[in-house]
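In what follows, a structure is listed as structure tokens, so that the remarks can point back to it.
The values are calculated or read from the model by the stated rules, or taken from the named source; none is laboratory data. Model, not experiment: these values are computed from the prediction. Every residue, glycine as well, gets a Cβ built from its backbone with ideal geometry; the counts of neighbours run over all protein chains shown.
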């Protein structure tokens, strides 16, 4: 038996683990209030729910009607207690019960509404849609570890761009990533900032092509704008490029984990991706070869391509690094010789040969 909030059974079947949940019942079981210890609410929010019940009770406890359908393996029929099949055919997401109450019981249902709407192409019932605009601040009360899991479901399911756009439409994105939302509210050189949108589209493309997508790269995209803005401010105060990015990244991630718990193995990788960006400007000498061997090079390079696509980084720079990876050692040396020193780091001054001291008899 596992779980405190919702108790589940893990059934070990050979090397497989089958997760089994029983039917959830109503609060009042008529057993002298014994259910009170198993179902705990605080300000309308379900903190623990382990009251067992019948299939009928379980049906009306579900969130959306399309999730209250039951498949009977005895006669291969679908049991529908809440007209879920009708909503399924109509492409409608509708909550069971009063929407505001159901959202308050579990604010994550707001994020689930967005995810299902994006993934299934369904429209959200008007009565369930309005609270999304008005009650989004309830999301800030969800445990940070749970929000991390929900963010991965939102943006790593193949519909990241649609989820991102819907979250912003319903004003929910700012409750997940407040600093990023603030950055996106500004324009840069009279143009809207498109980096996050392009990053979400790129994530969807990679998933469709069955290429890997890591949480570290995802959060690097989602938090880049506030980190980049703060880094520029620190540079204006005299900090070096690397020091400013290290400091900005640490501060932005430090504040973000108060809302969404990002495991250290991912937050560390995020900062490495950011910290490597300035090294792409250094194309002279052996620096390119050293950068290519860095463990985070590939992720940092993909990040550079995104920056170039959104107009933030020089497209010529991204193309240079693409060519550099395709060439052999001779070709790389020729590429560096043709244009590397012009955009690389500081060139070392060649030492002049020291004059030999004049000895007696020298001319």
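Brief remarks follow.
- Residues of the stretch 204-225 classified as in contact (Cβ under 8 Å) with a residue 40 or more places away in the chain and farther than 20 Å from residue 147 by Cα, total: 4
- 1 or more residues within 14 Å of residue 279 (Cα to Cα) and modelled with pLDDT of 50 or more: qualifying helices (runs of 4 or more DSSP H) within the stretch 290-363: 297-309, 315-326
- Among the residues of the stretch 263-284, just one is over 24 Å from residue 317 (Cα atoms) and buried (at least 21 other Cβ atoms within 10 Å of the Cβ), namely 267.
- Every residue from the stretch 154-174 that is in contact with a helix residue (DSSP H, G or I) (Cβ under 7 Å, 6 or more places away or on another chain) and free of Cβ contacts under 8 Å to residues at least 40 places away in the same chain: 164, 171, 173, 174
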